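Quick notes on the structure that follows.
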Amino acid sequence: MTNCRGEPVDEGNPTGARPIKLIERDNMLLDKLIKIRERYDELTRELSKPEVLSDSRTAARLGREFRELEASLPLIDEYEQISGEIAESEAIIAEADDDMLEEIAREELPRLRERLEELEEKLTLALIPPDPNEGADVIVEIRAGTGGDEAALFAGSLFRMYSKFAERKRLSVSILDSNPTELGGFKEIVFELSGDDAYSAMKFESGVHRVQRVPETESGGRIHTSAASVAVLPAVEDVDIEVNEEDLRIDTYRSSGAGGQHVNKTESAIRITHIPTGIVVTCQDEKSQHKNKAKALVVLKSRLYAKQQEELKAERANERRLQVGSGDRSDKIRTYNYPQNRVTDHRIGYSAHNLPAVLDGDLDNLLEALHKADKEDALKDIG
């Protein structure tokens with residue numbers, strides 16, 4: 001067995017102290033830190049090449065990776081320094097030639113070990129691959145599922161919940177498309193959330209949301225179960241994905257509101273069909289055809305990007321328990337139970353009896369639990 005500097009260590013542990021966690025891992029973390037430095041040096045060379053700098057896509061991609069690695073270098077430097085000091089203290093204790101030095105080393109060793117473990121935890125978290133969509137705005141799509149009018153009303157409740165949440169987080173809400181019902185719900189509503197950490201705040205919301213409550217129209221007091229699906233898509237920039245005009249079929253039509261009432265006598269609404277994939281996007285909330293087309297293209301690019309990311313995940317066979325940000329709406333992720341005043345997230349077994357607060361946009365505790373569970377899941381993948 002060796003220490004973090006590759007030097008032999010007495011397996012009998014003469015100091016009686018707990019072995020350094022790094023040693024227990026057979027230098028797995030150290031190997032990864034070495035690779036970070038090697039990759040950082042490689043990126044430094046790549047980003048100095050004129051052919052790389054002239055390619056905006058490549059430069060942007062490598063630049064993001066460079067900055068992510070650069071942020072961890074101070075931690076790596078300190079980690080190597082503390083590891084060396086621990087090795088020196090252990091050597092002094094093992095040799096026991098100088099009582100005074102040995103006493104100093106024994107007093108110093110616990111502090112060094114504690115700091116090493118703190119650094120190890122921080123570095124392990126830093127090794128979690130960053131989500132490429134962090135920092136992006138998001139497109140949120142809510143669609144009523146099973147349950148008829150009650151499902152549409154629940155879709156409206158979810159939209160209100162996210163709107164209130166956005167207000168708390170100082171995110172701006174922009175409706176891109178909607179299909180309201182006469183009772184005040186939505187068969188479908190698509191909107192954009194913009195602002196700091198919009199994607200990070202919303203990325204766990206993709207999936208089927210289920211509600212259990214007594215509808216206002218139910219005279220017998222029976223509890224009904226209905227559902228709505230939510231898809232959260234990063235609002236991608238042009239650097240992320242391209243859309244060729246020849247692959248698009250663009251149709252115009254008149255905007256309409258609840259009950260088929262025309263709200264615009266001109267054909268300002270836009271329907272864009274991406275021919276290669278069959279993806280269809282509509283936008284009718286702006287009175288300007290040009291603005292509707294621009295918003296529809298944003299949604300289309302986001303859907304194409306999400307599809308691309310899902311295909312990459314499938315190729316790598318990287319199945320994750322939480323399916324964060326995948327847009328997968330086949331799984332029931334959360335239940336809102338009105339009679340029991342309870343909200344339950346089925347992915348992590350989280351339950352809380354504060355349903356009115358949650359529906360009023362207070363999602364902080366729930367999202368904190370999801371972030372924590374996702375981080376723990378990612379750490380398992382690191383090993």
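Throughout, read-outs are computed from the coordinates displayed, never taken from laboratory work. Bear in mind that the values here come from a model prediction, so they are computed numbers and not experimental data. Using ideal geometry, Cβ is built from the backbone for each residue, glycine included, and neighbour counts are taken over all protein chains shown.
Annotations
- Proximity of backbone amide H atoms, modeled 1.01 Å from N, is registered between residue 187 and 179, 181 at under 5 Å, excluding neighbours fewer than 5 places apart on the same chain.
- 15 Å Cα-Cα reach of residue 49 towards aspartates and glutamates, excluding residues that sit fewer than 8 places from it in its own chain: 41
- Stretching the chain fully between residue 372 and residue 70 yields a gain of 106.3 nm (0.36 nm per residue, less the alpha carbon separation).
- Modelled FRET efficiency - R0 35 Å, residue 341 with residue 125, Cβ distances, 0.05 increments: 0.50
- Pairwise centroid distance, computed over Cα atoms, of the range 178-192 with the range 35-59, Å: 47 Å
- Per-residue Cβ neighbour rank within 10 angstrom, fewest leading, 93, 270, 275: 275, 93, 270
- Sorted by Cβ neighbour density within 10 Å, fewest at the top, the residues 100, 202: 100, 202
- Inter-site label distance for residue 44 and residue 91 at 7 Å from Cα along Cβ, in nm: 2.7 nm
- For the range 125-142, putting each phi into the Karplus relation 6.51 cos²θ - 1.76 cosθ + 1.60 with θ = phi - 60° gives couplings of 5, 5, 7, 5, x, x, 5, x, 9, 4, x, 7, 6, 10, 9, 10, 10, 10 Hz, in residue order, rounded to whole numbers and with x for Gly and Pro.
- Counting other Cβ atoms within 10 Å as a rough exposure proxy, the listed residues 375, 295 run 375, 295 from fewest neighbours to most.
- The range 21-126, Cα convex hull volume normalised per residue, Å³: 101 Å³
- Cα→Cβ-extended label distance, 7 Å offset, between residue 37 and residue 353, nm: 5.6 nm
- Efficiency of FRET between residue 308 and residue 107 - r from beta-carbon atoms, R0 41 angstrom, step 0.05: 0.15
- Residues residue 172 and residue 52, FRET efficiency given R0 of 41 Å [Cβ-Cβ distance, rounded to 0.05]: 0.70
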